[in-house]
1. Sequence gap at least 6, Cα distance under 8 Å: using those rules, report the relative contact order of the chain to the nearest whole percent.
2. If I stretch the segment between SER3 and ASP340 completely, what's the gain in nm (0.36 nm per residue apart, minus their alpha carbon distance), one decimal?
3. Report, in whole Å, the centroid distance computed from the Cα atoms of segment 308-386 and segment 113-135.
4. Quick one: if you stick a label point 7 Å off each Cα along the C-beta vector at ALA109 and THR231, how many nm between them?
5. So in the chain, what percent of DSSP beta bridges are antiparallel if you round to the nearest 5?
6. Using only the Cα atoms of the chain, each taken as one equal point scatterer with no solvent, compute I(q) by the Debye sum, divide by I(0), and report log10 of the ratio at q = 0.08, 0.10, 0.11 Å⁻¹.
7. With a point put 7 Å past each Cα toward its Cβ, work out how far ASP18 is from ASP397 in nm, to one decimal.
8. Out of the total accessible area of the chain (probe 1.4 Å, heavy atoms of protein only), what percent is carbon and sulfur?
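The values are calculated or read from the model by the stated rules, or taken from the named source; none is laboratory data. No experiment lies behind these values; they were computed from the predicted model shown. Cβ atoms come from the backbone with ideal geometry, glycine included; neighbour counts cover every protein chain shown. Accessible surface is based on the protein model in full, side chains and every heavy atom, while ligands, DNA and RNA are left aside. Shrake-Rupley method; radii C 1.70, N 1.55, O 1.52, S 1.80 Å.
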Amino acid sequence: MFSLHKTLGGVHPPQCKDTRDCPVTSIEPPKQVRIPLNMHIGAPAKPVVNVGDHVYIGTLIGDGEGLCAPVHATVSGTVTSVAEETLPTGQHAPVVQIESDGKMENDPALEKPTYSNKDEFIECVRKSGVVGLGGASFPSWFKMKCPPGKKFEFLVVNAMECEPFITSDYRQMMEHAERIIDGVTRIARALDIPAAVIGVEDNKPEAVDKLNATIKEKGVGDLVEVLMVPTRYPMGGEKVLIQTTTGRAVPAGGLPVDAGCLVLNVTTVSRIEEYFRYGVPLVRKTVTIAGDCVKNPGNYRIPIGMSVHDVVEATGGLIKEPRKIIMGGPMMGRTITDIDCPILKANNAILCLEDKAILPDETPCIRCGRCVRVCPLGLMPFQLDAASRSHDVVKLDEYAVMNCMECGSCAYTCPAHRRITASIREGKGFYRSETARLTQPAKEA
């Protein structure tokens, strides 16, 4: 049913998948967690607990209206603080601090959800608190709400994991293939989607075999298909994956639904199915801990809200001082300076780097065009870089800055070592603020 389609650009950074054969292991629960209530795209959740409240694993601690995902306690214990804080990202959000009682007890009120129609299914997904776990953090339930006049024709499951170092999705496929296929089947049938494809890069043949064997065993080959895709970064980009697997293009400024697609990360699918099986919402995250400074690289099951410092210590500590600590992969992740910041829902890796963190100095752009050739969306990164640095909102609009997915391919290939991605990210922020200012209605005199 599905076949490969050609896409633009892309690069081939070193894979560095040294933790691919490390099974997921749990770590010693932390003495406390600090859980931000803005771990999703949209308005932060509002606290529904107070200082002194006793909570269990899975107890609701934050919720809200509209584009929001509920947040749940990840340890059992006592709420010791509910306060607005400035996070390492610079954002402001309520943070709930919980002192663990060491018992790690599930909330007795948790139960397996049931549904009888599409709307009830989507509401169950909302209550799970699941967001895009590949890094996007978009509330999964909101993605599933198809706008009037449109329909989902394909469920596209993103199992590419094309970022260097990260292997948490790969371990999900190796250890929970059955749960993934059940999740894909459940979602497709609940939302009346006639066909589903799981895109997997061809550097993961064992995962492809596992998934295919499970599909055959469950007899769902008429609904679900695995498509092996050539290894190239950023094949995991939503628009790139849709083009690769279905041949359809998401229009500029559009969403996957405009191409008839619902795209979900493979671990997102697994966690949704886990919720329907056991009734436990999203309270933990599988994270790859790696880098040349890490004593025990591997894949670890971590309570959301545990600090990066505590995670590193619980996994064996460091063998040398890192120059840089990155949340996520080296291409799209963010450098953090505060290692007391918490693990979030969408964190899939912590990288502690010394040698690999040394970056050459920038030199002037030589207009060689390499960044244009590798851009998967056909943009002109060197022009966007210049417009971003000069705060030229007209040029930013002309060269479609908001279409950039910030994959980092341009910066990776630049012989002048320009920090193109960081520059464009800043330019997008400036563009948003300027367009919002210019479109505001004039104030009354």
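1. For the chain, the relative contact order is 18 percent.
2. Value of the extension gain: 116.8 nm.
3. 32
4. Between ALA109 and THR231, the simple spin-label model gives 4.8 nm.
5. Of all bridge pairs located within the chain, approximately 65 percent are antiparallel.
6. Normalising to I(0) and taking log10 leaves -0.46, -0.73, -0.90.
7. Simple spin-label model gives 4.9 nm for this pair.
8. Solvent-exposed carbon and sulfur of the chain make up 51 percent of the total.
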